[in-house]
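The values are calculated or read from the model by the stated rules, or taken from the named source; none is laboratory data. These figures come from a predicted structure and were not determined experimentally. Ideal geometry is used to build each Cβ from the backbone, glycine not excepted, and the neighbour counts take in all protein chains shown. Accessible surface is based on the protein model in full, side chains and every heavy atom, while ligands, DNA and RNA are left aside. Shrake-Rupley method; radii C 1.70, N 1.55, O 1.52, S 1.80 Å.
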Amino acid sequence: MEKVYNQPQGGNEMPRFAGRGTMLRLPFCDSPAGLDAAFVGIPLDVGTSQRAGTRYGPRNIRNESVMIRPYNMATGAAPFDSLQVGDIGDVPINTYSLLKSVDIIEDFYTRLNDWPLIPLTLGGDHTLTLPILRALAKKHGPVGLIHVDAHTDTNDDMFGEKIAHGTTFRRAVGEGLLDCQRVVQIGQRAQGYASGDFQWGVDQGFRLIPVEQCWHKSLSPLMAEVRQLMGAGPVYLSYDIDSIDPAWAPGTGTPEVGGLSAIQALEIVRGCRGLNLIGCDLVEVSPPYDISGMTAQLGANLLYEMLCVLPGVRYQGETRL
Ligand SMILES: N=C(N)NCCCC(=O)O
Ligand SMILES: [Mn+2]
Ligand SMILES: [Mn+2]
């Protein structure tokens, strides 16, 4: 019998401004059973260092995902023709404790390890990536990482705290969660607390591509190099929306000028096709600062593009360049 796959609620069956409040208006699934990929919300902002508000990220990304249709006309991807995808809701973080929230997130994703699904996470601030990596490392061992961000997030502490949205990947290295020779950081820019701030990751084995090396060019050639570097091993994609210039993504808590374009963001994610992706996140969307919801819509589209490059996605016909 032909397998039936979940479909986004169509714009001709329910007006786009109505219907399910889930990601892409997919069915809400109260169990991970049977899913190949799951959208998960983490409404966290107690880890932020400047503007807060990312607690509203998951809800607004879902709200702005209503324009997205099933078939990717640029790449030919048809995710809902071969993957069972659902929205499994939000992680019940502790609004009053970042450390307890980190434990709650790790426990939630550790339980997801029991299922063959790939988590696609709607953030929330970048602290959330640490507990997700802790959980995924239990299943996959140390993983490769594609980290797109205005920041390195490798501070040893912030205000004396070892866990915050700017310390995530320092902690991940220290806990042995990353295969450091298969880590790339793309889009880093602005200033440091010390002159060597960007060097710490490079000293661990990371490949760093500062934003100035991205300016005025397509990033498709870079992604060919990244695919080569990642090889066949497990890879996690962590996409901080503030990697993109505030002109395209104003709704974020720690904006930095001179960022990537939305087009380059699409090139990066589409360039992940063929990788052994074991999880993705889209973090730091802060709706209170989001002009007309465009940052949340860009985040929703990047999450859809991540879904489109997951292992097992079927492609329709020839893919256009
Ligand atoms: N937005 C994220 N994830 N990190 C911002 C860190 C800012 C800082 O290191 O001063
Ligand atoms: Mn970040
Ligand atoms: Mn950032």
Only listed residue being hydrophobic (A, V, I, L, M, F, W, C), in a helix (DSSP H, G or I) and at pLDDT 95 or above, chosen from 105, 93: 105
When residues of the stretch 148-166 are limited to those that are more than 19 Å from the chain's Cα centre (by Cα) and not in a loop (DSSP other than H, G, I, E, B), the one nearest to ligand 3 (Cβ to nearest atom): 158
Extreme residue, farthest from ligand 3 (Cβ to nearest atom), among residues of the stretch 219-253 that are touching a helix residue (DSSP H, G or I) at 6+ places or on another chain (Cβ under 6 Å) and polar (S, T, N, Q): 220
The stretch 7-22: number of residues that are within 23 Å of the chain's Cα centre (by Cα) and open to solvent by 40 Å² or more (accessible area, probe 1.4 Å): 3
Residue within the stretch 272-279 that is away from ligand 1 (no atom under 16 Å from the Cβ), open to solvent by 20 Å² or more (accessible area, probe 1.4 Å) and either part of a helix (DSSP H, G or I) or more than 23 Å from residue 178 (Cα to Cα) (or both) present: no
Subset of the stretch 165-202 that is of a type in the set (Gly, Ala, Ser), at negative phi and open to solvent by 10 Å² or more (accessible area, probe 1.4 Å) - its residue that is farthest from ligand 2 (Cβ to nearest atom): 195
Residues satisfying the stated conditions in the stretch 233-271, i.e. closer than 17 Å to residue 287 by Cβ, not acidic (Asp, Glu) and not in a strand (DSSP E or B): 241, 246, 248, 249, 250, 251, 253, 254, 255
Check on residue 114, among the charged types (D, E, K, R), open to solvent by 10 Å² or more (accessible area, probe 1.4 Å), within 16 Å of ligand 1 (Cβ to nearest atom) and at negative phi: no
Subset tally (residues that are of a type in the set (D, E, K, R) and within 13 Å of ligand 2 (Cβ to nearest atom)) for the stretch 237-272: 3
